[in-house]
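Undergrad: The structure is given below, and queries will be raised subsequently.
The values are calculated or read from the model by the stated rules, or taken from the named source; none is laboratory data. Just so you know, these numbers come straight off a predicted model, no measurement behind them. Quick reminder, even Gly has a Cβ in these numbers, built from the backbone with ideal geometry, and neighbours come from all protein chains shown. Each accessible area value is taken on the protein alone, full model and side chains, heavy atoms only, with ligands, DNA and RNA left out. Shrake-Rupley method; radii C 1.70, N 1.55, O 1.52, S 1.80 Å.
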Amino acid sequence: EAITVQELANRMAEKGADLVKALFKMGMMVTVNQTIDQDTAELLVTEFGHNLTRVSASDVDIDTAGDVDAAETLKPRPPVVTIMGHVDHGKTSLLDALRGTDVVAGEAGGITQHIGAYQIKTKNGDLVTFLDTPGHEAFTEMRQRGANVTDIVVLVVAADDGLMPQTIEAINHTKAAGVPMIVAINKVDKPEANPQRIRERLLEHEIVVEAMSGDVQDVEVSAKNRTGLDDLIEKILLQAELMELRANPDREAEGTVIEAKLDKGKGPLATVLVNRGTLRTGDVLVVGTQSGRVRAMTDDKGRQIKEATPSMPVEVLGIGGVPHAGDTLTVVENEARAREVAAYRQELATERRTAIAPASLDTMFSALADKANVIEYPIVVKADVQGSTEAIVNALHKISNDMIKVRVLNSGVGAITESDVTLAQASGAPIVGFNVRPNAKARELIERHKVRMKYFDVIYHLTDDIRKEMAGELGPER
Ligand code: GDP
(Lines give C-alpha, C1' and ligand atoms only; values in the text may rest on other atoms or scores of the structure.)
Protein backbone atom coordinates (compact mmCIF):
# COMPACT_ATOMS: atom_id res chain seq x y z
CA GLU A 1 0.00 0.00 0.00
CA ALA A 2 1.53 3.27 -1.11
CA ILE A 3 0.42 6.84 -0.58
CA THR A 4 1.72 10.12 -1.93
CA VAL A 5 3.34 12.48 0.53
CA GLN A 6 0.78 15.15 -0.29
CA GLU A 7 -2.12 12.81 0.30
CA LEU A 8 -0.72 11.69 3.63
CA ALA A 9 -0.18 15.34 4.54
CA ASN A 10 -3.82 16.08 3.70
CA ARG A 11 -5.02 13.25 5.86
CA MET A 12 -2.84 14.41 8.72
CA ALA A 13 -3.86 18.04 8.14
CA GLU A 14 -0.16 18.90 7.94
CA LYS A 15 1.79 20.75 5.28
CA GLY A 16 3.24 18.60 2.52
CA ALA A 17 6.49 20.47 2.83
CA ASP A 18 6.79 19.62 6.53
CA LEU A 19 6.47 15.95 5.70
CA VAL A 20 9.06 16.24 2.97
CA LYS A 21 11.35 17.97 5.43
CA ALA A 22 10.85 15.22 8.00
CA LEU A 23 11.52 12.58 5.35
CA PHE A 24 14.58 14.50 4.33
CA LYS A 25 15.88 14.26 7.90
CA MET A 26 15.18 10.54 7.75
CA GLY A 27 17.42 10.40 4.71
CA MET A 28 14.73 10.18 2.05
CA MET A 29 14.70 12.55 -0.89
CA VAL A 30 11.12 12.66 -2.09
CA THR A 31 8.78 15.27 -3.46
CA VAL A 32 5.20 15.81 -2.35
CA ASN A 33 3.98 13.98 -5.43
CA GLN A 34 5.99 10.84 -4.83
CA THR A 35 4.66 7.81 -3.04
CA ILE A 36 6.03 6.32 0.16
CA ASP A 37 5.31 2.90 1.57
CA GLN A 38 3.08 2.01 4.50
CA ASP A 39 5.94 1.66 6.98
CA THR A 40 7.41 5.04 6.17
CA ALA A 41 3.95 6.60 6.30
CA GLU A 42 3.34 5.13 9.77
CA LEU A 43 6.71 6.37 10.93
CA LEU A 44 5.82 9.86 9.77
CA VAL A 45 2.44 9.76 11.41
CA THR A 46 3.99 8.90 14.78
CA GLU A 47 6.74 11.43 14.22
CA PHE A 48 4.11 14.11 13.92
CA GLY A 49 2.42 12.86 17.07
CA HIS A 50 -0.76 11.76 15.34
CA ASN A 51 -2.85 8.81 16.24
CA LEU A 52 -2.30 5.94 13.83
CA THR A 53 -5.94 4.95 13.65
CA ARG A 54 -6.70 8.33 12.19
CA VAL A 55 -4.97 7.44 8.98
CA SER A 56 -6.60 4.08 8.54
CA ALA A 57 -10.04 5.39 9.52
CA SER A 58 -9.96 7.98 6.81
CA ASP A 59 -8.35 5.58 4.42
CA VAL A 60 -11.37 5.52 2.18
CA ASP A 61 -10.02 7.10 -0.95
CA ILE A 62 -9.08 5.09 -3.98
CA ASP A 63 -5.43 4.21 -4.09
CA THR A 64 -4.21 3.82 -7.62
CA ALA A 65 -0.59 4.74 -7.03
CA GLY A 66 0.41 1.21 -6.11
CA ASP A 67 -1.91 -0.29 -8.69
CA VAL A 68 0.44 -0.86 -11.59
CA ASP A 69 -0.64 -2.97 -14.56
CA ALA A 70 1.46 -6.02 -15.30
CA ALA A 71 3.68 -5.66 -18.37
CA GLU A 72 1.89 -8.42 -20.28
CA THR A 73 -1.45 -6.60 -20.00
CA LEU A 74 -0.14 -3.46 -21.72
CA LYS A 75 -1.12 -2.67 -25.30
CA PRO A 76 -0.02 0.26 -27.47
CA ARG A 77 -2.23 3.32 -27.13
CA PRO A 78 -2.52 6.41 -29.36
CA PRO A 79 -0.45 9.47 -28.43
CA VAL A 80 -2.17 12.51 -26.91
CA VAL A 81 -0.96 15.73 -28.51
CA THR A 82 -1.29 19.40 -27.47
CA ILE A 83 -0.64 22.22 -29.91
CA MET A 84 1.04 25.32 -28.50
CA GLY A 85 2.45 28.51 -29.91
CA HIS A 86 2.07 32.27 -30.18
CA VAL A 87 -1.31 33.82 -30.91
CA ASP A 88 -2.10 34.00 -34.64
CA HIS A 89 0.63 31.54 -35.58
CA GLY A 90 -2.06 29.11 -36.66
CA LYS A 91 -2.85 26.75 -33.79
CA THR A 92 -6.58 26.71 -34.48
CA SER A 93 -6.09 26.47 -38.23
CA LEU A 94 -3.71 23.57 -37.77
CA LEU A 95 -6.10 21.77 -35.42
CA ASP A 96 -8.85 22.17 -38.02
CA ALA A 97 -6.61 21.03 -40.84
CA LEU A 98 -5.45 17.98 -38.92
CA ARG A 99 -9.00 17.12 -38.06
CA GLY A 100 -9.75 17.20 -41.77
CA THR A 101 -7.25 14.38 -42.36
CA ASP A 102 -9.39 11.94 -40.39
CA VAL A 103 -10.47 9.09 -42.65
CA VAL A 104 -13.39 8.18 -40.38
CA ALA A 105 -15.03 11.62 -40.35
CA GLY A 106 -16.19 11.35 -43.95
CA GLU A 107 -17.57 7.84 -43.88
CA ALA A 108 -19.26 8.11 -40.47
CA GLY A 109 -21.42 10.99 -41.59
CA GLY A 110 -21.22 12.34 -38.08
CA ILE A 111 -21.24 15.99 -37.15
CA THR A 112 -18.11 17.45 -35.66
CA GLN A 113 -18.57 17.97 -31.93
CA HIS A 114 -16.24 20.23 -30.03
CA ILE A 115 -15.77 18.30 -26.84
CA GLY A 116 -12.24 19.52 -25.99
CA ALA A 117 -10.37 16.79 -27.83
CA TYR A 118 -10.65 14.73 -30.97
CA GLN A 119 -9.12 11.62 -32.43
CA ILE A 120 -8.11 11.07 -36.02
CA LYS A 121 -7.49 7.82 -37.87
CA THR A 122 -4.81 7.84 -40.57
CA LYS A 123 -4.90 5.98 -43.88
CA ASN A 124 -2.79 3.28 -42.23
CA GLY A 125 -5.23 2.93 -39.38
CA ASP A 126 -3.09 4.68 -36.75
CA LEU A 127 -4.88 6.84 -34.21
CA VAL A 128 -3.78 10.21 -32.82
CA THR A 129 -5.62 12.21 -30.16
CA PHE A 130 -5.43 16.01 -30.18
CA LEU A 131 -6.49 18.23 -27.31
CA ASP A 132 -8.30 21.00 -29.13
CA THR A 133 -8.02 23.72 -26.54
CA PRO A 134 -4.83 25.23 -27.86
CA GLY A 135 -2.50 27.22 -25.70
CA HIS A 136 -0.26 26.73 -22.76
CA GLU A 137 -2.70 28.03 -20.16
CA ALA A 138 -4.77 24.87 -20.44
CA PHE A 139 -1.65 22.73 -20.56
CA THR A 140 -0.13 24.26 -17.44
CA GLU A 141 -3.37 24.40 -15.56
CA MET A 142 -3.85 20.68 -16.10
CA ARG A 143 -0.30 20.01 -15.03
CA GLN A 144 -0.70 22.07 -11.93
CA ARG A 145 -3.64 19.90 -10.99
CA GLY A 146 -1.35 16.90 -11.32
CA ALA A 147 -2.78 15.76 -14.63
CA ASN A 148 -0.15 15.09 -17.24
CA VAL A 149 -2.29 13.96 -20.11
CA THR A 150 -0.14 15.34 -22.93
CA ASP A 151 2.40 12.94 -24.41
CA ILE A 152 3.71 15.20 -27.15
CA VAL A 153 3.65 18.96 -27.73
CA VAL A 154 3.50 20.36 -31.25
CA LEU A 155 5.01 23.85 -31.19
CA VAL A 156 3.59 26.00 -33.98
CA VAL A 157 5.78 28.82 -35.21
CA ALA A 158 4.74 31.05 -38.10
CA ALA A 159 7.53 31.13 -40.65
CA ASP A 160 6.81 34.77 -41.46
CA ASP A 161 6.95 35.94 -37.86
CA GLY A 162 9.57 34.10 -35.83
CA LEU A 163 9.81 33.28 -32.16
CA MET A 164 7.43 35.45 -30.18
CA PRO A 165 6.86 35.78 -26.41
CA GLN A 166 4.24 33.03 -26.26
CA THR A 167 6.44 30.77 -28.38
CA ILE A 168 9.15 31.10 -25.77
CA GLU A 169 6.65 30.56 -22.97
CA ALA A 170 5.38 27.44 -24.69
CA ILE A 171 8.95 26.18 -24.97
CA ASN A 172 9.52 26.81 -21.27
CA HIS A 173 6.28 25.15 -20.23
CA THR A 174 7.03 22.12 -22.37
CA LYS A 175 10.54 21.83 -20.99
CA ALA A 176 9.29 22.19 -17.42
CA ALA A 177 6.84 19.37 -18.02
CA GLY A 178 9.50 17.18 -19.64
CA VAL A 179 7.28 16.50 -22.64
CA PRO A 180 8.91 15.90 -26.05
CA MET A 181 8.30 18.54 -28.69
CA ILE A 182 7.84 18.58 -32.44
CA VAL A 183 8.23 21.93 -34.18
CA ALA A 184 5.68 22.73 -36.89
CA ILE A 185 6.86 25.67 -38.97
CA ASN A 186 3.57 27.03 -40.28
CA LYS A 187 2.54 29.45 -43.03
CA VAL A 188 5.30 28.29 -45.38
CA ASP A 189 2.95 29.21 -48.24
CA LYS A 190 3.61 32.88 -47.56
CA PRO A 191 6.18 34.51 -49.84
CA GLU A 192 7.97 36.11 -46.88
CA ALA A 193 8.23 32.78 -45.02
CA ASN A 194 11.71 31.97 -43.79
CA PRO A 195 11.74 28.55 -42.11
CA GLN A 196 15.51 28.44 -41.82
CA ARG A 197 15.54 31.57 -39.70
CA ILE A 198 13.12 29.88 -37.27
CA ARG A 199 15.41 26.88 -36.95
CA GLU A 200 18.33 29.16 -36.19
CA ARG A 201 16.42 31.17 -33.63
CA LEU A 202 15.35 27.96 -31.89
CA LEU A 203 19.00 27.19 -31.22
CA GLU A 204 19.06 30.12 -28.82
CA HIS A 205 16.53 28.19 -26.74
CA GLU A 206 18.49 24.96 -26.88
CA ILE A 207 16.13 23.44 -29.38
CA VAL A 208 18.18 21.82 -32.08
CA VAL A 209 15.92 20.52 -34.82
CA GLU A 210 16.71 17.61 -37.08
CA ALA A 211 17.44 19.86 -40.03
CA MET A 212 20.21 21.35 -37.88
CA SER A 213 21.45 17.84 -36.94
CA GLY A 214 19.62 17.86 -33.62
CA ASP A 215 17.05 15.44 -32.23
CA VAL A 216 13.91 17.60 -32.18
CA GLN A 217 11.73 16.76 -35.16
CA ASP A 218 10.64 19.67 -37.30
CA VAL A 219 8.25 19.91 -40.21
CA GLU A 220 7.16 22.65 -42.58
CA VAL A 221 3.41 22.96 -42.87
CA SER A 222 0.75 25.23 -44.24
CA ALA A 223 -2.48 24.91 -42.34
CA LYS A 224 -4.07 27.07 -45.02
CA ASN A 225 -3.02 24.98 -48.02
CA ARG A 226 -3.08 21.76 -46.01
CA THR A 227 0.49 20.81 -46.90
CA GLY A 228 2.90 18.92 -44.66
CA LEU A 229 0.09 17.50 -42.56
CA ASP A 230 0.82 13.85 -43.35
CA ASP A 231 4.45 14.52 -42.59
CA LEU A 232 3.54 16.04 -39.23
CA ILE A 233 1.32 13.11 -38.32
CA GLU A 234 4.05 10.70 -39.35
CA LYS A 235 6.49 12.48 -37.05
CA ILE A 236 4.02 12.40 -34.18
CA LEU A 237 3.61 8.65 -34.69
CA LEU A 238 7.36 8.17 -34.84
CA GLN A 239 7.80 10.08 -31.59
CA ALA A 240 5.01 8.04 -30.04
CA GLU A 241 6.69 4.82 -31.10
CA LEU A 242 9.92 5.91 -29.42
CA MET A 243 7.99 6.58 -26.24
CA GLU A 244 6.35 3.13 -26.27
CA LEU A 245 3.04 4.52 -25.07
CA ARG A 246 1.09 1.66 -23.56
CA ALA A 247 -1.91 1.03 -21.33
CA ASN A 248 -3.95 -1.92 -20.16
CA PRO A 249 -7.34 -1.74 -21.90
CA ASP A 250 -8.79 -4.75 -20.05
CA ARG A 251 -9.56 -3.33 -16.65
CA GLU A 252 -11.91 -0.87 -14.99
CA ALA A 253 -11.33 2.55 -16.50
CA GLU A 254 -9.36 5.50 -15.25
CA GLY A 255 -9.38 8.82 -17.03
CA THR A 256 -8.80 12.55 -16.79
CA VAL A 257 -11.34 15.31 -17.24
CA ILE A 258 -10.37 17.62 -20.11
CA GLU A 259 -13.39 19.88 -20.01
CA ALA A 260 -16.67 20.00 -18.11
CA LYS A 261 -19.83 22.05 -18.26
CA LEU A 262 -23.42 22.17 -17.17
CA ASP A 263 -25.80 21.59 -20.05
CA LYS A 264 -29.23 23.08 -19.45
CA GLY A 265 -31.06 20.07 -20.82
CA LYS A 266 -28.72 17.19 -20.08
CA GLY A 267 -27.09 18.25 -16.82
CA PRO A 268 -23.36 17.92 -16.07
CA LEU A 269 -21.24 16.87 -19.05
CA ALA A 270 -17.56 16.04 -18.86
CA THR A 271 -15.09 15.25 -21.60
CA VAL A 272 -12.86 12.52 -20.32
CA LEU A 273 -9.69 11.14 -21.79
CA VAL A 274 -9.33 7.48 -20.88
CA ASN A 275 -5.88 6.81 -19.39
CA ARG A 276 -6.21 3.06 -18.97
CA GLY A 277 -8.92 0.43 -18.98
CA THR A 278 -12.17 0.63 -20.93
CA LEU A 279 -14.98 2.94 -19.91
CA ARG A 280 -18.46 1.53 -20.55
CA THR A 281 -21.99 2.80 -20.28
CA GLY A 282 -23.41 1.70 -16.95
CA ASP A 283 -20.05 2.00 -15.18
CA VAL A 284 -20.22 3.53 -11.69
CA LEU A 285 -17.62 6.21 -11.17
CA VAL A 286 -15.98 8.83 -9.03
CA VAL A 287 -14.81 12.00 -10.78
CA GLY A 288 -12.93 14.37 -8.52
CA THR A 289 -15.41 15.14 -5.75
CA GLN A 290 -18.39 13.89 -7.77
CA SER A 291 -19.91 10.47 -8.18
CA GLY A 292 -22.20 9.07 -10.84
CA ARG A 293 -22.94 6.43 -13.41
CA VAL A 294 -22.22 6.58 -17.14
CA ARG A 295 -25.64 7.06 -18.71
CA ALA A 296 -24.37 7.80 -22.20
CA MET A 297 -21.15 8.55 -24.01
CA THR A 298 -20.66 10.64 -27.13
CA ASP A 299 -17.48 10.79 -29.21
CA ASP A 300 -16.03 13.77 -31.06
CA LYS A 301 -18.09 12.91 -34.14
CA GLY A 302 -21.34 13.07 -32.21
CA ARG A 303 -21.82 9.31 -32.20
CA GLN A 304 -23.26 7.47 -29.24
CA ILE A 305 -20.72 4.91 -28.10
CA LYS A 306 -20.80 2.16 -25.53
CA GLU A 307 -17.08 1.77 -24.91
CA ALA A 308 -14.08 4.07 -24.73
CA THR A 309 -10.54 2.71 -24.77
CA PRO A 310 -7.19 4.30 -23.73
CA SER A 311 -6.39 7.76 -25.21
CA MET A 312 -9.93 8.11 -26.48
CA PRO A 313 -11.80 11.32 -25.61
CA VAL A 314 -15.50 10.94 -24.81
CA GLU A 315 -18.19 13.15 -23.42
CA VAL A 316 -19.73 11.46 -20.42
CA LEU A 317 -23.29 12.01 -19.27
CA GLY A 318 -24.39 10.91 -15.82
CA ILE A 319 -22.03 12.56 -13.34
CA GLY A 320 -23.76 14.04 -10.28
CA GLY A 321 -22.14 17.48 -10.57
CA VAL A 322 -19.74 19.39 -12.77
CA PRO A 323 -16.16 18.23 -12.16
CA HIS A 324 -12.99 20.30 -12.83
CA ALA A 325 -10.60 19.98 -15.73
CA GLY A 326 -7.73 17.84 -14.52
CA ASP A 327 -9.88 15.74 -12.16
CA THR A 328 -9.39 12.02 -12.38
CA LEU A 329 -12.17 9.60 -13.16
CA THR A 330 -12.14 6.18 -11.57
CA VAL A 331 -14.59 3.34 -12.04
CA VAL A 332 -15.56 1.70 -8.77
CA GLU A 333 -17.51 -1.42 -7.83
CA ASN A 334 -20.80 0.12 -6.69
CA GLU A 335 -22.67 3.33 -6.00
CA ALA A 336 -22.24 3.17 -2.23
CA ARG A 337 -18.49 3.11 -2.69
CA ALA A 338 -18.62 5.92 -5.23
CA ARG A 339 -20.63 8.10 -2.87
CA GLU A 340 -18.34 7.31 0.05
CA VAL A 341 -15.21 8.34 -1.87
CA ALA A 342 -16.84 11.47 -3.30
CA ALA A 343 -18.05 12.53 0.15
CA TYR A 344 -14.62 11.95 1.64
CA ARG A 345 -12.98 14.06 -1.05
CA GLN A 346 -15.50 16.84 -0.60
CA GLU A 347 -14.71 16.89 3.10
CA LEU A 348 -10.99 17.00 2.33
CA ALA A 349 -11.48 19.83 -0.12
CA THR A 350 -13.28 21.86 2.52
CA GLU A 351 -10.53 21.19 5.05
CA ARG A 352 -7.92 22.17 2.53
CA ARG A 353 -9.64 25.42 1.74
CA THR A 354 -9.59 26.40 5.37
CA ALA A 355 -5.95 25.50 5.86
CA ILE A 356 -3.98 26.53 2.83
CA ALA A 357 -0.28 26.17 3.43
CA PRO A 358 1.91 29.11 2.56
CA ALA A 359 3.83 28.32 -0.57
CA SER A 360 7.26 29.04 0.89
CA LEU A 361 8.48 25.60 1.91
CA ASP A 362 6.47 23.75 -0.67
CA THR A 363 8.31 25.81 -3.18
CA MET A 364 11.57 24.30 -2.25
CA PHE A 365 10.69 20.76 -1.60
CA SER A 366 8.22 20.12 -4.36
CA ALA A 367 11.13 20.79 -6.62
CA LEU A 368 13.56 18.39 -5.01
CA ALA A 369 15.43 16.66 -7.76
CA ASP A 370 14.84 12.93 -7.53
CA LYS A 371 17.71 11.97 -9.75
CA ALA A 372 20.91 13.07 -8.07
CA ASN A 373 21.26 14.41 -4.57
CA VAL A 374 21.12 17.91 -5.95
CA ILE A 375 18.20 20.05 -4.90
CA GLU A 376 16.75 22.30 -7.54
CA TYR A 377 15.52 25.74 -6.64
CA PRO A 378 12.98 26.71 -9.29
CA ILE A 379 12.38 30.37 -10.00
CA VAL A 380 10.62 32.62 -12.52
CA VAL A 381 12.35 35.89 -13.38
CA LYS A 382 10.80 38.97 -14.99
CA ALA A 383 12.63 42.26 -15.48
CA ASP A 384 12.08 45.61 -17.16
CA VAL A 385 14.85 45.29 -19.73
CA GLN A 386 16.61 42.44 -21.48
CA GLY A 387 20.01 43.39 -20.04
CA SER A 388 18.71 43.07 -16.48
CA THR A 389 17.09 39.73 -17.22
CA GLU A 390 20.35 38.35 -18.52
CA ALA A 391 22.39 39.75 -15.66
CA ILE A 392 19.98 38.29 -13.09
CA VAL A 393 19.89 34.86 -14.69
CA ASN A 394 23.69 34.77 -14.85
CA ALA A 395 24.02 35.90 -11.25
CA LEU A 396 21.51 33.28 -10.10
CA HIS A 397 23.36 30.51 -11.85
CA LYS A 398 26.53 31.57 -10.09
CA ILE A 399 25.05 31.04 -6.63
CA SER A 400 24.31 27.39 -7.37
CA ASN A 401 26.57 24.79 -5.77
CA ASP A 402 26.90 21.00 -5.55
CA MET A 403 23.92 20.63 -3.28
CA ILE A 404 21.45 23.11 -4.62
CA LYS A 405 21.00 24.58 -8.05
CA VAL A 406 18.89 27.44 -9.31
CA ARG A 407 16.61 26.39 -12.12
CA VAL A 408 15.18 29.33 -14.07
CA LEU A 409 11.84 28.08 -15.41
CA ASN A 410 11.22 31.21 -17.39
CA SER A 411 12.89 34.56 -17.71
CA GLY A 412 11.62 37.47 -19.70
CA VAL A 413 11.01 41.14 -20.10
CA GLY A 414 7.82 42.93 -19.09
CA ALA A 415 5.01 42.70 -16.59
CA ILE A 416 4.36 39.48 -14.69
CA THR A 417 1.58 37.67 -16.54
CA GLU A 418 -0.89 34.91 -15.77
CA SER A 419 1.32 32.53 -17.65
CA ASP A 420 4.24 33.32 -15.34
CA VAL A 421 2.01 32.65 -12.36
CA THR A 422 0.65 29.33 -13.61
CA LEU A 423 4.16 28.21 -14.48
CA ALA A 424 5.47 29.21 -11.04
CA GLN A 425 2.59 27.56 -9.30
CA ALA A 426 2.86 24.32 -11.24
CA SER A 427 6.47 24.01 -10.19
CA GLY A 428 6.17 25.55 -6.74
CA ALA A 429 8.53 28.36 -7.67
CA PRO A 430 8.65 31.96 -6.47
CA ILE A 431 8.44 34.79 -8.99
CA VAL A 432 11.08 37.47 -8.90
CA GLY A 433 10.16 40.85 -10.39
CA PHE A 434 12.93 43.29 -11.13
CA ASN A 435 11.43 46.74 -11.62
CA VAL A 436 8.22 45.09 -12.85
CA ARG A 437 4.85 44.25 -11.29
CA PRO A 438 2.12 41.76 -12.08
CA ASN A 439 -0.81 42.75 -14.28
CA ALA A 440 -4.30 42.67 -12.78
CA LYS A 441 -5.15 39.14 -13.82
CA ALA A 442 -1.79 37.83 -12.67
CA ARG A 443 -2.25 39.58 -9.34
CA GLU A 444 -5.54 37.84 -8.83
CA LEU A 445 -3.99 34.44 -9.60
CA ILE A 446 -1.06 35.15 -7.28
CA GLU A 447 -3.44 35.80 -4.43
CA ARG A 448 -5.69 32.89 -5.23
CA HIS A 449 -2.86 30.38 -5.42
CA LYS A 450 -0.63 31.99 -2.80
CA VAL A 451 2.30 32.13 -5.18
CA ARG A 452 5.31 33.88 -3.67
CA MET A 453 6.33 37.20 -5.18
CA LYS A 454 9.56 39.04 -4.60
CA TYR A 455 10.32 42.51 -5.91
CA PHE A 456 13.77 44.06 -6.27
CA ASP A 457 15.42 47.01 -7.88
CA VAL A 458 19.03 46.17 -7.07
CA ILE A 459 20.49 42.97 -8.47
CA TYR A 460 22.74 42.12 -5.55
CA HIS A 461 19.79 42.47 -3.15
CA LEU A 462 18.02 39.93 -5.28
CA THR A 463 20.89 37.45 -5.34
CA ASP A 464 21.54 37.94 -1.61
CA ASP A 465 17.94 37.17 -0.85
CA ILE A 466 17.83 34.07 -3.00
CA ARG A 467 21.15 32.84 -1.66
CA LYS A 468 19.81 33.16 1.90
CA GLU A 469 16.67 31.30 0.97
CA MET A 470 18.59 28.52 -0.60
CA ALA A 471 20.87 28.19 2.42
CA GLY A 472 17.85 28.20 4.70
CA GLU A 473 16.12 25.52 2.72
CA LEU A 474 19.15 23.28 2.88
CA GLY A 475 19.05 23.43 6.66
CA PRO A 476 21.81 22.71 9.18
CA GLU A 477 21.93 19.02 8.18
CA ARG A 478 23.68 19.80 4.95
P1 GDP B 1 -4.05 30.87 -33.51
O2 GDP B 1 -4.30 32.19 -32.83
O3 GDP B 1 -2.65 30.39 -33.25
O4 GDP B 1 -5.07 29.82 -33.22
O5 GDP B 1 -4.07 31.18 -35.08
P6 GDP B 1 -5.24 30.96 -36.14
O7 GDP B 1 -5.35 29.54 -36.52
O8 GDP B 1 -6.45 31.66 -35.69
O9 GDP B 1 -4.59 31.72 -37.40
C10 GDP B 1 -4.30 33.08 -37.37
C11 GDP B 1 -4.34 33.65 -38.77
O12 GDP B 1 -3.33 33.06 -39.60
C13 GDP B 1 -5.66 33.39 -39.48
O14 GDP B 1 -5.99 34.53 -40.22
C15 GDP B 1 -5.36 32.22 -40.39
O16 GDP B 1 -6.16 32.22 -41.54
C17 GDP B 1 -3.91 32.48 -40.74
N18 GDP B 1 -3.20 31.23 -41.03
C19 GDP B 1 -3.14 30.11 -40.28
N20 GDP B 1 -2.39 29.18 -40.90
C21 GDP B 1 -1.95 29.71 -42.05
C22 GDP B 1 -1.12 29.22 -43.11
O23 GDP B 1 -0.61 28.08 -43.11
N24 GDP B 1 -0.87 30.07 -44.12
C25 GDP B 1 -1.38 31.33 -44.16
N26 GDP B 1 -1.09 32.09 -45.21
N27 GDP B 1 -2.18 31.82 -43.20
C28 GDP B 1 -2.46 31.01 -42.15
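Undergrad: Mind counting the residues in the range 168-206 that are touching an Asp or Glu at 6+ places or on another chain (Cβ under 9 Å), in a helix (DSSP H, G or I) and within 14 Å of the ligand (Cβ to nearest atom)?
TA: 3
Undergrad: Within the range 13-57, how many residues turn out to be modelled with pLDDT under 80 and surrounded by 21 or more Cβ atoms within 10 Å (Cβ to Cβ)?
TA: Qualifying residue count for the region: 0.
Undergrad: Can you name the residue in the range 98-145 that is loosely packed, with under 15 Cβ neighbours inside 10 Å and at positive phi and, of all such residues, is modelled with the highest pLDDT?
TA: Of everything passing the filter in the range 98-145, 125 is modelled with the highest pLDDT.
Undergrad: Given the options 390, 376, 473, 418, name the one that is charged (D, E, K, R), open to solvent by 40 Å² or more (accessible area, probe 1.4 Å) and touching a helix residue (DSSP H, G or I) at 6+ places or on another chain (Cβ under 6 Å).
TA: The match here is 418.
Undergrad: Condition first: open to solvent by less than 20 Å² (accessible area, probe 1.4 Å) and away from the ligand (no atom under 16 Å from the Cβ). Can you find one or more residues in the range 208-218 that meet it?
TA: Looking through the range 208-218, at least one residue is open to solvent by less than 20 Å² (accessible area, probe 1.4 Å) and away from the ligand (no atom under 16 Å from the Cβ).
Undergrad: Quick one: what pairs do we get from the range 93-107, first residue under 10 Å from residue 118 (Cα atoms) and within 16 Å of the ligand (Cβ to nearest atom), second among the charged types (D, E, K, R) and at pLDDT 95 or above, C-beta under 8 Å, 6+ apart or different chains?
TA: Filtered contacts from the range 93-107: no entries.
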